[in-house]
Amino acid sequence: MFGIIGLGGVGMLLAHFLNNAGYVPYVVTRTRYSRYLIKFGGEHEIRVRLVDKLPSDVKYTLIAVKAYDTESIIDKVVNTPVVFQNGIGGVELIRERLGVGYGAVITYGVTRSEGTVEVRGVGEVILPSSVSEVADA
Ligand SMILES: NC(=O)c1ccc[n+]([C@@H]2O[C@H](COP(=O)([O-])OP(=O)(O)OC[C@H]3O[C@@H](n4cnc5c(N)ncnc54)[C@H](OP(=O)(O)O)[C@@H]3O)[C@@H](O)[C@H]2O)c1
């Protein structure tokens with residue numbers, strides 16, 4: 001049901017949350033690593049299905065590339081896009097090009113080195129009510 005584009009710091013955090021909710025998300029990313037780990041109250045393996053193209057039954061595409069990379073992933077979005085960025089203009093670009101797009105606020109602080117992400121600051125993920133299924137997961 002969930003796809004992620006961009007498996008960097010934020011993408012890995014989102015994948016970890018989805019794993020905890022029982023999902024193994026499909027992921028399209030640029031540089032692939034042999035394994036993905038998160039340091040967050042211990043060290044946990046992140047489970048993802050790395051693919052070149054998200055399957056059509058993905059209901060929500062969670063976008064976790066930097067704002068300046070948004071243009072490069074527009075043709076990879078399947079169904080409803082939800083943009084997790086601090087940069088400016090990403091969600092507006094998605095809405096303009098795809099006709100739909102939701103913005104999420106994420107106030108966690110993470111640092112990434114290759115396939116390992118460390119949570120340095122616990123924050124919140126705030127989503128619009130129209131994508132409550134994403135918020136629930
Ligand atoms: N880091 C934080 O603490 C934090 C907190 C809140 C919000 N944010 C925001 O979240 C967004 C993502 O930040 P981040 O820290 O997660 O960045 P990041 O670690 O650089 O992750 C971005 C990921 O997107 C991938 N990517 C770039 N272009 C792509 C493409 N065309 N197709 C597929 N994957 C692509 C990158 O691949 P490569 O590995 O090849 O570069 C990388 O895996 C930013 O807007 C940032 O401001 C960050």
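In degrees between 0 and 90, to the nearest 10, how far off the longest principal axis of the chain does helix 9-20 point, with axes built from Cα atoms? The angle comes out near 80 degrees.
Report the Rg/Rh value for the stretch 23-137, based on alpha-carbon coordinates and the Kirkwood definition of Rh.
0.94
Surface exposure of the chain, expressed per residue as accessible area with a 1.4 Å probe, stands at 53 Å². Rounded to two decimals, the Cα radius of gyration of the stretch 69-127 over 2.2 N^0.38 Å is 1.27.
How large is the charge dipole for the stretch 10-70, taken about the Cα centre, if only the Cβ atoms of Lys, Arg (+1) and Asp, Glu (-1) carry charge, to the nearest 20 debye?
That gives a dipole near 100 debye.
Note on the chain: with neighbouring protein chains present and a 1.4 Å probe, carbon and sulfur make up 46 percent of its accessible heavy-atom surface. Largest mean-square fluctuation among Pro55, Pro25, Pro81, in a Gaussian network model of the chain whose springs join Cα atoms under 10 Å apart, belongs to Pro55. Taking Cβ atoms as reference points and 13 Å as the exclusive limit, the residues near Ser34 contribute a net charge of 0, counting Lys and Arg as +1 and Asp and Glu as -1. Ignoring lysines fewer than eight residues from Lys76 along the same chain, the ones with Cα atoms less than 18 angstrom from its Cα are Lys53, Lys59, Lys66.
Take every Cα pair under 8 Å whose residues are at least 6 apart in sequence, average their separation, divide by the length of the chain, and the relative contact order is 24 percent. For Glu114 and Glu43, the difference between the fully extended length at 0.36 nm per residue and the C-alpha to C-alpha distance is 24.0 nm.
Here the dipole of the stretch 1-130 is about 200 debye; that uses its Cα centre as origin and unit charges on the Cβ of Lys and Arg (positive) and Asp and Glu (negative).
The values are calculated or read from the model by the stated rules, or taken from the named source; none is laboratory data. Worth saying up front: this structure is predicted, and the values here are computed from it rather than measured. All Cβ positions, glycine included, derive from the backbone under ideal geometry; neighbour counts span all protein chains shown. Ligands, DNA and RNA are excluded from the accessible area calculation, which covers all protein heavy atoms including side chains. Shrake-Rupley method; radii C 1.70, N 1.55, O 1.52, S 1.80 Å.
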